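Colleague: My structure is below; once you've seen it, I'll send some questions.
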Amino acid sequence: MNLRGLKILTLVVGLAVFVVLGGCSMPTSFGDDADSDGENQLGTETPEAIDTPTTHNQSASDSPEDGDRDGDSVSDNKSRTPDGNDTESEDAESGSATATEATSGPITNTGLAVDENRVYNLTRDLLGSDADAPTVSVEELDYRSGQTDRPFFEYMGLTNESDGGTTGAAAAAVARGPDSVVVNEEAVEQYRNSTDRFGLLLAHEFTHTVQMDEGWSRSALLGKLDLSTSESLMLYRSLVEGGAVFTADQYADSMDLDLSQVSRFDRQYDDAPVEQVYAYAPYHHGGHYFESVLDSASELGSVYTDDTPPSTEAILHPTYNDTAPSEVAFSAEANREGWTRQRSGDDRLGALFVHVALTAHAEGTVADEATKGWGNDQLFRYRNENGSAFAWATHWDTPDDATEFAEAFNRTLTSRADDDASDIAVRRAGNRSVVVLAGPQGFRDAIAVDGENNSLDIVLQQSADESASSQIDRPSRVQQVAAP
């Protein structure tokens, strides 16, 4: 097991993560876990059906983000310094910028350790909006987003295998619509001496209410993205959550606070246990995307209305030349007795999922490099009486891009300690496609793959012998995949 794996085993014990959603989702640790300065963190998420992207072609058990809503992010418990190092942030006693000079306004004082009206007015002004202020209330929240308890995610080693283990992240606060922000009552205690961080949390949530009021996260984005796949849903969440992370940092800068949600998610995405990496991804990558394409929060709406990126590859690599999905003809059949094709489980996972799958089990910048050149992908689901198996067909811009992904993915298999890693094989199809097979050996041995240029066919044959003639490459999981 690599160093990351050892670190993950340490973090998993007693972990409960809280996510912030209010346009989508945002995770942080809570409960027994603490950051290096000894303080726990919370996150927030939003449960509102009208803002919940749902997939059209997925089964309920495998929907890419079933139940996720628009949501908020939480404040950071580390400070941002000129040299980029982490230091402890100021608490209420050291002079909180958001606690002084209380203002009056439409938001009723809820007793929170922050001036809600002042935070809202500044956030709205930064966004250049005249949206009406929402109500703010405190309730007990029990909601999780970014959950990975699905068969394919388990094959990818993205679930919590401990008894009773959970995945996803719970909410510190949620934006239930343009008119309502709800703060988890547990967050009130968590932030009682962290007024500035509470202000940052509310700035994130208030950004979501403005996004919804202005129609950015509803009519604008929903009119462009069909949200029928995990790829489009993760693009949606990255844009909504990333915009809130970026605006929260703009709020911190305007208040001269040594706080940064972008920096916080850098740390948490890198250090999260495997079952939390997927939940953190939209915040981490979305925040960096907006930092790279905008100068100020006043330009936020343009990303939703005019300059919307075409894929999650563009979120990961905004300066890369070709980030629109390639036109690829994928097909799959099941000719093996006892197995059926579950067409409702077909899905496009996208470059951001590739990044998550690699980040969870690899070191350093492996995922950053291996996701460049993603062209398209398709997940095919098969099922027999014992359960599900999958063929994940990926297509890349160049043969070198395909090789880099195949090599990186195979290295993650050798570093994994879970039993599911032994049920995965990697094959090449043509020179620009890589197929990941996940399932029992009989399934993997009977799969025939054939690809040429922008066409890829996957057939579950009646027997393993039938697949041998059309198998292009089938390395063991401990081998590197050679270039064709």
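The values are calculated or read from the model by the stated rules, or taken from the named source; none is laboratory data. Treat the numbers as computed from the prediction; the structure is a model and nothing was measured. Neighbour counts run over all protein chains shown; Cβ positions are idealised from the backbone, glycine included. Just so you know, the surface numbers come from the protein's heavy atoms only, side chains and all, with ligands and any DNA or RNA stripped out. Shrake-Rupley method; radii C 1.70, N 1.55, O 1.52, S 1.80 Å.
Colleague: Return the only residue of ASP249, ASP258, ASP266, ASP196 being of a type outside the set (A, V, I, L, M) and free of Cβ contacts under 8 Å to residues at least 24 places away in the same chain.
Modeller: From the options ASP249, ASP258, ASP266, ASP196, the qualifying one is ASP266.
Residue by residue, here is whether (1) modelled with pLDDT under 95; (2) in contact with a helix residue (DSSP H, G or I) (Cβ under 7 Å, 6 or more places away or on another chain); (3) open to solvent by 10 Å² or more (accessible area, probe 1.4 Å) holds:
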residue	(1), (2), (3)
GLU186	yes, no, yes
GLU205	no, no, no
SER219	yes, no, yes
LEU222	yes, no, yes
SER254	no, yes, yes
ASP270	yes, no, yes
VAL274	yes, yes, yes
VAL277	yes, yes, no
HIS284	no, yes, yes
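Colleague: When region 361-376 is examined, which residues are found to be under 18 Å from ALA324 (Cα atoms), touching a helix residue (DSSP H, G or I) at 6+ places or on another chain (Cβ under 7 Å) and of a type outside the set (Ser, Thr, Tyr)?
Modeller: Of everything in region 361-376, those that are under 18 Å from ALA324 (Cα atoms), touching a helix residue (DSSP H, G or I) at 6+ places or on another chain (Cβ under 7 Å) and of a type outside the set (Ser, Thr, Tyr) turn out to be GLU369, ALA370, LYS372, GLY373, TRP374.
Colleague: From SER228, SER232, SER296, SER260, which residue is hydroxyl-bearing (Ser, Thr, Tyr) and under 21 Å from ASP213 (Cα atoms)?
Modeller: From the options SER228, SER232, SER296, SER260, the qualifying one is SER296.
Colleague: Ok, one more. Report whether or not ASP307 is open to solvent by 10 Å² or more (accessible area, probe 1.4 Å), without any contact (Cβ under 8 Å) to a residue 40 or more places away in the chain and not in a loop (DSSP other than H, G, I, E, B). Don't jump to the end; show me each part of the working.
Modeller: Details: open to solvent by 10 Å² or more (accessible area, probe 1.4 Å): yes; without any contact (Cβ under 8 Å) to a residue 40 or more places away in the chain: yes; not in a loop (DSSP other than H, G, I, E, B): no.
Criteria not met by ASP307.
Colleague: Of all residues in region 224-241, count the ones that are in a helix (DSSP H, G or I), out of contact with any Lys or Arg (no Cβ under 8 Å at 6 or more places or on another chain) and either acidic (Asp, Glu) or more than 21 Å from PRO325 (Cα to Cα) (or both).
Modeller: 1
Colleague: When the residues of region 290-301 are narrowed to those that are in a helix (DSSP H, G or I) and open to solvent by 20 Å² or more (accessible area, probe 1.4 Å), which ends up farthest from PHE153 (Cα to Cα)?
Modeller: SER298
Colleague: I'm checking my understanding of the structure. Among residues of region 141-181 that are of a type in the set (D, E, K, R) and in a loop (DSSP other than H, G, I, E, B), which one is surrounded by the fewest Cβ atoms within 10 Å (Cβ to Cβ)?
Modeller: The residue in question is ASP163.
Colleague: While we're looking at this one, here's another question. Given the conditions (1) assigned to a loop (DSSP other than H, G, I, E, B); (2) more than 25 Å from VAL182 (Cα to Cα), which single one is not true for LEU257?
Modeller: Every listed condition holds for LEU257 apart from (2).
Colleague: Could you say whether any residue in region 311-331 is exposed (fewer than 14 other Cβ atoms within 10 Å of the Cβ) and in a helix (DSSP H, G or I)?
Modeller: Checked region 311-331: no residue is exposed (fewer than 14 other Cβ atoms within 10 Å of the Cβ) and in a helix (DSSP H, G or I).
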